[in-house]
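What follows is a single structure, written as C-alpha cells, with notes after it.
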Amino acid sequence: MQLYTTLEIEQLQQNEDLPYLLEIMEWVKFFLVRPHPDLGRPGVVCPFMPHALKSNNIRLAVIRTKNLCLEQIEAIVKPYRDVFLEREANEKELLISKAFVLIFPDVHIEEASKVIDGVHKKLKPLFVESGLMLGEFHNRTESPGLHNPNFRPLRSPIPLLVIRPMTEVDLTFLMSPDNPHLRIRYLEAYLNRFGHKLTDETKFKNAHQALALAKEELKDKNLVSYYI
C-alpha cells in the first residue's frame, strides 16, 4: 500500500505510477479547488480540498486492477478505511482536511460504471458507518451537483475512489438513497457522529425527521410484503 503526499509526488522521478499521479493532481488543482460557472453556488467545486491541498494532507495511491474481479478490488480498497481511521485518530486537529484519492488506471472508461460504481455501492455503507465518506469519480458518472442538476462534479479523467471524513453538510447525501434500510444505516451513522455536537439545529431536526420517515417507510414495506 503506497500512499503519496502531493509534495512527494513533486519529487518523484522514475516511477510507473507518476503519470497517473500527476494527471490527478492537475485535475485537483485546476478543477476541484477552483470555482466553476456551472456549479450553481459561489466557491470552489470541492470545499474540502483547498485546505487539504495547502496542508499537504491529500494522499494518493495508484491501484492496479488488471484481471481482478470486483470482490478482489473491494478487498484491496477496504483496508484504506482502516489506514484513514488510524490517521484520523492521530491527527484530530486536521479532521476535515484529509483525503485519500485512490486512482484506478486499469479500469477502462467503458467499465467504470460497473467497476467503480460497483465497488462504491458495496463498500460505502461500511465507510459511512465508520464516519467516512466514499466518493466515486469517473468520466461517465451521472451524479448531479447539489446546486445545479445539470452539472457533473464527480467526473474525473481517470476513475477514482475518494475517502474523506464525514461532515455535517453531508446530510443531504446520506438522505438520498431510495432504499429505506440503507437510509436508516446512513442517518444513524450521521447522528452517532454529530448528534451531540451539531452546530446547525436545522440539520439535527432534519436528520431525525428523515430517520423517522425511513423507519416508517421500511415498516410499511415489511407490512406489504407480509400480506402479499
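In whole Hz, with x marking every Gly and Pro, tabulate ³J(HN,Hα) for the stretch 122-128 from phi via Karplus 6.51 cos²θ - 1.76 cosθ + 1.60, θ = phi - 60°.
Per residue, the Karplus-derived 3J(HN,Hα) values read 6, 9, 4, x, 4, 5, 4 Hz.
What dipole magnitude, in Debye to the nearest 20, does the stretch 57-203 give about its Cα centre under +1 on Lys/Arg Cβ and -1 on Asp/Glu Cβ?
Working: 21 positive and 20 negative charges, 37 e Å.
Computed charge dipole of the stretch 57-203: roughly 180 debye.
Quick one: what Rg and Dmax do you get for the stretch 110-169 from the alpha carbons, in Å?
11.8, 34
What FRET efficiency comes out for the pair LYS29/LEU146, r = Cβ-Cβ distance, R0 = 30 Å, nearest 0.05? Could you put the intermediate results ahead of the total?
On the way: r = 22 Å, r/R0 = 0.75.
Working from the Cβ atoms, E equals 0.85.
Compute the distance in nm between two label points, each set 7 Å from the Cα along the Cα-to-Cβ direction, one at LYS205 and one at GLN14.
The answer from the label model is 6.5 nm.
Between ALA212 and HIS36, what length comes free when the chain is fully extended (0.36 nm per residue of separation minus the Cα-Cα distance, one decimal in nm)? If you can, show how the numbers build up before the last one.
On the way: separation 176, 0.36 × 176 = 63.36 nm, distance 3.65 nm.
So the extension gain works out to 59.7 nm.
Readers should treat all values here as calculations from the given coordinates under stated rules, not as data from a laboratory. Please read all numbers here as calculations on a predicted model, not as lab measurements. Glycine also receives a Cβ, built like all others from the backbone with ideal geometry; neighbour counts cover every protein chain displayed.
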